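Engineer: Take a look at the following structure, please.
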Amino acid sequence: MSLTASVNIKGYIQALGAGRVEIDSIVFDEATAIPTKVVLELASGANTISCSSSCRGVIITNNPASTRTKTLKGVAGDTGIVIASSGFGGTFVLLLDTVTSFVINCSGADTGILTEFQFF
Amino acid sequence: MAAIPGTKISSVYVNATITDSLGIVTEITSLVTENPVAPIGSSRIKLPDGNNTIIVPSGSRGVIITFNDDCDSFKTLKGVAGDTGIQVASPFLSVRNSGVFMLLFGASPPASFVIGSVLAPAGIDPGFTEFLFF
């Protein structure tokens, strides 16, 4: 059985009276996917997320119920990019190319709240 | 959801189908991320070698980044130029040169982020990279 993944991003952008732009990205097909799902209760500080160097990406879901600020980094010492804060979570897709780990820094322990990582 | 005058509203979600080694199919249709004050912002550029600072329009909730099929450089996503970052694409022969991904931001979007691009020999990436802020 082959391991496959097809991922795309859908949605729309609409302005008052200016019509609606549909978002339907190219479908990202990965014929050699490494499907693994990891669900974590993030600890305070740097959380190193390990992955197979063969995987091509990860779908990350930050629970909007979390009150923590989360920062995506390559390594713990990076400045990184804030990807979630109190009440602002959600699902996004990150491409990974020969990456064996990355870091999610959490501003405090996310007690009882789970963050999902679906690798592909 | 109603847009505030002078802005757009956006609504974005992720759709995925993943099949594992047992043939078990995982269908993902994520929760929708909505933004009532979405900016009007997209750009399509051929990245030059080095650290490319991408300015984030105020009010952005996220960005969809697309590397088209002609892209041929190593690309690394960073918060700032000095970061190690996360490698997201590599040259054409790796078959990992193209693709689409998406970032979400917190309540206050960053002023910018960085895409490091390394082409061998050094030059401008022949493919377009598109940024659609929402």
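The values are calculated or read from the model by the stated rules, or taken from the named source; none is laboratory data. Computed from a predicted model, the values in this text were never measured in an experiment. Don't worry about glycine lacking a Cβ; one is built from the backbone with ideal geometry, like all the others, and counts go over all protein chains shown.
Engineer: Kindly state which strands (runs of 3 or more DSSP E) lie completely within region B:24-72 and contain at least 3 residues that are within 13 Å of chain A (Cβ to nearest Cβ) and surrounded by fewer than 16 Cβ atoms within 10 Å (Cβ to Cβ).
Structural biologist: Passing ranges, in order: B:25-29.
Engineer: Conditions: (1) at pLDDT 85 or above; (2) more than 9 Å from chain B (Cβ to nearest Cβ); (3) out of contact with any Cys (no Cβ under 6 Å at 6 or more places or on another chain). A:R68 meets all but one. Number of the miss?
Structural biologist: A:R68 satisfies every listed condition except (3).
Engineer: Looking only at region B:73-95, count how many residues are more than 7 Å from chain A (Cβ to nearest Cβ), part of a strand (DSSP E or B) and β-branched (V, I, T).
Structural biologist: Number of matching residues: 1.
Engineer: On the basis of being within 9 Å of another protein chain (Cβ to nearest Cβ) and either among the hydroxyl-bearing types (S, T, Y) or in a strand (DSSP E or B) (or both), does B:I9 make the cut?
Structural biologist: Criteria met by B:I9.
Engineer: How many residues does region B:96-134 hold that are in contact with a strand residue (DSSP E or B) (Cβ under 9 Å, 6 or more places away or on another chain), more than 7 Å from every other protein chain (Cβ to nearest Cβ) and not in a strand (DSSP E or B)?
Structural biologist: Total meeting the criteria: 12.
Engineer: Looking at A:E41, is it surrounded by fewer than 16 Cβ atoms within 10 Å (Cβ to Cβ), more than 8 Å from chain B (Cβ to nearest Cβ) and among the acidic types (D, E)?
Structural biologist: So A:E41 fits the description; yes.
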